[in-house]
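Comments concern the structure below.
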Amino acid sequence: MSFRLRVFFALFFSVCFMYSGCGVVDAASEQKQKPNILFLFTDDQRADTIHALGNDLIQTPNLDQLARSGFVFNNAYCLGSNSGAVCVCSRNMLLSGRTYFRWTGRYASAKKPNFPESMKEAGYFTYHHGKKGNTALEIHKKFDKSQYLNDQQARMLGQPGKEIVDNAVQFLKSNRDKPFFMYLAFSCPHDPRVADQEYMDLYSRDKIKLPKNYLPLHPFNNGEQLVRDELLAGFPRSKAEVRKHLHDYYADITGLDAHIGRLLKTLKESGEYDNTVIIFSSDHGLAIGSHGLMGKQSLYEHSMKSPLIFSGPGIPQGRSDALVYLYDIYPTVCEMVGTKIPAGLDAESIWPVISGKQSKVRDTLFTSYKEGQRSVRDKKWKLITYPQINQSQLFDLENDPEETRNLFDQTACQPHAARLLAEMKAWQKKVGDMSPLASASPQDPAFRAPTLEELEKLKRPRKSKNKKKKTKKQ
């Protein structure tokens, strides 16, 4: 039975009981009819880093359990970012349900509607614990209970996710008179990735496969090849260095999975597991050697796509290729628990897909990165355009999911490119994107890798101008 039906029947029988002269229904009992919501949200985790979803090497037994018992979206995307810190926009869009083009400045407004206030209005106790850097601080204040990690410290302790899970376990053991909405925003597997030896020893580095789209260097200047994330490895990207990064990455995810397992065990021991919907996702993906890149500042599948799993009571077992955004989670949860979806959201509920009423909620999907990259895809084809260098890529995702063969210049494929370009322009109007799709004076498309000396200079932390001014005044 769906949650909407469960909530309907709970309220129906409550009303019948009240008007039968038998007494007044306890409000707390009525609230407990609603499912708890546990939302696990990681940082920088690619969609292909869960064993049950096709990665034979990585060890994620607890996430596997959720994937096998629940509903998986194969095509869940971050819409994009106006900042190299892509997590800023992803997390703000998630909690506001609106595209970053609607904002003034770097962060979403804390004005209604927003995710925590919608859940409070639905009768939930709202709980947040997570990373502080690049997050929606003003919206976090709307949670009944909100607390932060020391992001850098948490990443260096060797037990990814332990602090958040420790606190969540204590919360689950406390007395409550309302269902909970718990948003746990982990700071891993973002670098620096430090996992204790017990997790590192689960992998043999020389057996770690390189991505199928591994390249030593990206073939052209995408506008962001000297951003922070890209300086984590040398130029060109050696196979040994990429394997080292993947080793650390996989070990970090396995460590996080172990602590998620502790949380699931506590839910079961508390008797709450059977009435808790668990949602698992991440703010975006990461390259780690794919296409010669290391970070998430591109619109390739590996960087904009995340895992997305719904598991728990009322959630059917299955998978879908529907094109969805991460910020769709907000209205989806609203519909799932039977509360009104706020007006004015850019996001759409994907509950109709989960419940089997629809196979999709949109025909195409748009992504964007700063001023230099725009993309749109449909079920089969994907167009990426780079307005600052006037170049484009066209990929057949059905036959080339790794995006290794650019078909843009093939005459037979031009109709697909033209159709998707028209879709891209329509999406720009829809989401409020005013950026041009071509440049009258394009930049040089060639990319020159920095020398070792130049690389070291780029890695040096920049001195803050504000700090200099304060020193003079003192």
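Only Cα pairs under 8 Å and at least 6 apart count here; give the relative contact order of the chain as a rounded whole percent.
Relative contact order comes out at 22 percent.
Within the chain, which is the longest segment containing none of the GluC sites (Glu not before Pro) that sit in a DSSP loop and have at most 14 other Cβ atoms within 10 Å?
It runs 1-370.
Can you compute the label reach from ASN390? Point 7 Å from Cα along the Cβ direction, backbone N cut-off under 17 Å, restricted to segment 399-440.
It comes to 409, 436-440, nothing else.
Would you kindly state how much longer the chain becomes between GLU398 and GLU371 on full extension, computed as 0.36 nm times their sequence separation minus their alpha carbon distance, in nm to one decimal?
Gain in length upon complete extension: 6.9 nm.
With helices defined as uninterrupted DSSP H runs, which ones in the chain have an alpha carbon span along their own long axis of at least 20 Å and mean Kyte-Doolittle hydropathy of at least 0.0?
Helix filter hits for the chain: 3-19.
SER359 to MET156: extension gain in nm, 0.36 nm per residue of separation minus the Cα-Cα distance?
My answer for the length gained is 68.8 nm.
Once you charge only the Cβ atoms, +1 for Lys and Arg and -1 for Asp and Glu, what is the size of the charge dipole of segment 119-187 about its Cα centre, to the nearest 20 debye?
Result for segment 119-187 is approximately 20 debye, rounded to the nearest 20.
Which residues make up the longest stretch of the chain that has no trypsin sites (Lys or Arg not before Pro) in a DSSP loop with at most 12 other Cβ atoms within 10 Å?
My reading of the result: 213-339 is the longest stretch.
When the helix-only estimate is applied to the chain (DSSP H runs of n ≥ 4, each -39,500 (n - 2.57), divided by the residue count), what is the mean residue ellipticity at 222 nm, nearest 500 deg cm²/dmol?
Estimated from H runs of four or more residues: -9500 deg cm²/dmol.
Calculate the length of the line joining the C-alpha centroid of segment 49-123 to that of segment 382-449, in whole Å.
Taking the Cα centre of segment 382-449 as reference, the centre of segment 49-123 is 25 Å away.
Express the C-alpha Rg of the chain as a ratio against the empirical globular expectation 2.2 N^0.38 Å, rounded to two decimals.
The value comes to 1.01.
Which percent of the accessible heavy-atom area of the chain goes to carbon and sulfur, probe 1.4 angstrom?
52
Semi-axes of segment 206-330's equivalent ellipsoid from the Cα gyration tensor, sqrt of 5 times each eigenvalue, largest first, rounded to whole Å?
Semi-axis lengths for segment 206-330 are 34, 18, 12 Å.
Taking 0.36 nm per residue of separation and subtracting the Cα-Cα distance, what length does fully extending LYS145 through ASP48 add?
31.7 nm
If HIS259, HIS416 are ordered by their accessible area, calculated over protein heavy atoms with a 1.4 Å probe, which sequence runs from highest to lowest?
HIS416, HIS259
If we restrict to alpha carbons, what Rg and Dmax does segment 369-455 come to, in Å?
Answer for segment 369-455, Rg first and Dmax second: 14.7, 46 Å.
The values are calculated or read from the model by the stated rules, or taken from the named source; none is laboratory data. Small disclaimer: the values here were computed from a predicted structure and weren't measured. Virtual Cβ from ideal backbone geometry, glycine too; neighbours counted across all protein chains shown. These accessible areas exclude ligands, DNA and RNA; they are computed on the full protein's heavy atoms, side chains included. Shrake-Rupley method; radii C 1.70, N 1.55, O 1.52, S 1.80 Å.
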